[in-house]
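> This structure is in C-alpha cells; I'll ask about it shortly.
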Amino acid sequence: TKHFGINVTLALPADTDTPGFVNEQKSKPAATKEICSGGGLFKPEEVGKKFIDDALAGNFFSILGIESWVLSILCCGMSPWKNPLLGMLQFYTMGPLRMIGFVIQWNFSRIAKKYSKVKSQ
C-alpha cells in the first residue's frame with residue numbers, strides 16, 4: 001500500500017470520556033474497572049486531534065498516554081517505521097518494557113483472581 005501512497009494509523013488511546021464510556025461504566029465488571037483505572041481518561045477532542053495529527057503525519061501508531069506508549073513499543077514487532085531514532089528507542093527499550101509487561105500482566109491476573117474470589121463467595 002505504501003507505493004500507492006496509502007498509510008494506516010493504529011490508534012491506541014486510553015479511555016475516552018464519551019457518552020458511550022459513561023454508559024459502559026454502568027455495566028462494566030468491577031475487575032475491569034480496576035484494571036482500566038490506571039490508564040487515565042482523556043477528552044474526545046484530545047484523542048481525535050492526536051489521531052488526525054498522527055494519521056496526517058503518516059505515523060503507524062497514534063498513542064496518547066504512557067500505557068499506549070508502552071503498548072506501542074511492546075507490539076511494534078513488524079510494524080512499519082520511518083524514523084531511525086524511534087527504531088533505536090524501540091530496540092533498546094523492548095527488553096526493559098517486556099519486564100514491565102510481565103508486571104502489568106501479573107497485576108491484571110491478581111485483580112481478576114481477587115474479584116473471582118469475591119464473586120464466588
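Values quoted throughout were computed directly from the atomic coordinates according to the rules given, and no laboratory measurement underlies them. It should be emphasised that the depicted structure is a prediction, and the values quoted were computed from it without experimental measurement. Cβ atoms come from the backbone with ideal geometry, glycine included; neighbour counts cover every protein chain shown.
> Calculate the all-directions average of the projected area of the chain's alpha-carbon convex hull, and give it in nm².
Numbers: hull surface 37.1 nm².
That works out to 9.3 nm², a quarter of the Cα hull's surface.
> Next question, about the same structure. In the chain, what is the count of Lys pairs whose alpha carbons are under 29 Å apart, counting only pairs at least 8 residues apart or on separate chains?
27
> Once phi is turned into ³J(HN,Hα) by the Karplus curve 6.51 cos²θ - 1.76 cosθ + 1.60 with θ = phi - 60°, what whole-Hz value does each residue of segment 87-92 show in order, with x for glycine and proline?
3J(HN,Hα) across segment 87-92, in whole Hz: x, 5, 4, 4, 4, 7.
> At what distance in angstrom do the alpha carbon centres of segment 66-89 and segment 31-59 lie from each other?
Using only Cα atoms, the two centres lie 16 Å from each other.
> I would also like to ask the following. With a point put 7 Å past each Cα toward its Cβ, work out how far Thr18 is from Tyr92 in nm, to one decimal.
3.7
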